[in-house]
1. At a Cα cut-off below 16 Å, give the lysines reachable from LYS194, other chains included and same-chain residues fewer than 8 away excluded.
2. Are there trypsin sites (Lys or Arg not before Pro) in region 148-200 that DSSP puts in a loop and that have at most 11 other Cβ atoms within 10 Å, and which ones?
3. Any idea of the accessible area per residue across region 108-157, 1.4 Å probe, to the nearest Å²?
4. Cross-link list LYS62/LYS181; LYS62/LYS184; LYS134/LYS204: which exceed 22 angstrom alpha carbon to alpha carbon?
5. Leaving ligands, DNA and RNA out of it, report the carbon-plus-sulfur percent of the accessible area of region 152-239 at a 1.4 Å probe.
6. Hand me the trypsin sites (Lys or Arg not before Pro) from region 68-168 located in a DSSP loop with no more than 13 other Cβ atoms within 10 Å, in residue order please.
7. Hey, can you grab everything whose amide H is under 5 Å from the amide H of ARG143? Only 5+ residues off in sequence or another chain; H modelled, so Pro and N-termini drop out.
Amino acid sequence: MSSHTNRAPRGQSGWPRDKGSGQGYKGPQSFSNSSSSSSPLSLTLERTINLYPLSNYTFGTKEPLYERDSSVTARFQRMREEFDKMGMRRSVEGVLIVHEHGLPHVLLLQLGTTFFKLPGGELQAGEDQTVGLKRLLTETLGRQDGAPMNWVVEDTIGNWWRPNFEPPQYPYIPAHITKPKEHKRLFLVQLPEKALFAVPRNYKLVAAPLFELYDNSAGYGPIISSLPQALGRFNFVYK
């Protein structure tokens, strides 16, 4: 028995199809040759972030910063109660990057031996997300003397959604979910050339290289382990 493969005539196959002409796919199309390097589109496509060496930053300590909830169960119970009153929880987290040994490193807060988190937290009712992120970063890593911190929020790098009052979060809203319980947004924060951070005494601030985070949800969870892919669209300049 001979096998037979159906083939469309040349010029009439291929995906995606050109709906207008009925011809096959013609390859990448050029939209315009008139755009200059200063156009908004070019700026969006070519984002440059300055990275400074880890040694430029000084890390002190300050009073412990405790979670609002004593357990995971208590956290979801509070989320359920607040959802009935205020609706979906909004939270923000900052991605702070330095370089060491010529490699980008993300600053993470470590609690105990196995729990890592990005600095950030819950927004207040009606609070602007950028203003709220700066407030939370200052509460977490701000100096003990209260001196202002220069937090420059550059761009959104991720949106994560919690469908139910449970741990799983996803970078999309599942089709059957009409009322997500939490929306978490991640922002890239441009650090100044030098700074003093004060770390709560019950945390350690660690610098994790991107290669350590990549494809390592077992060690860092799905959100942090996705950062190498999310950051891949930026051009890093090592200062």
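1. Qualifying lysines at Cα under 16 Å: LYS239.
2. Answer by residue number: LYS194.
3. Ligands and nucleic acids excluded, the result is 50 Å² per residue.
4. LYS62/LYS181; LYS62/LYS184
5. The nonpolar share, carbon plus sulfur, comes to 53 percent.
6. Working: sites: ARG68, ARG75, ARG78, ARG80, LYS85, ARG89, ARG90, LYS117, LYS134, ARG135, ARG143; in loops: ARG68, ARG143.
Hits after loop and neighbour filter: ARG68.
7. For ARG143, the qualifying residues are ALA198.
The values are calculated or read from the model by the stated rules, or taken from the named source; none is laboratory data. Here the structure is a predicted model, which means the values were calculated and not measured. A quick note on method: Cβ atoms are made from the backbone with ideal geometry, for glycine too, and the neighbour counts reach across all protein chains shown. The protein model used for the area step is the full one, side chains on, heavy atoms only, and it has no ligands, DNA or RNA in it. Shrake-Rupley method; radii C 1.70, N 1.55, O 1.52, S 1.80 Å.
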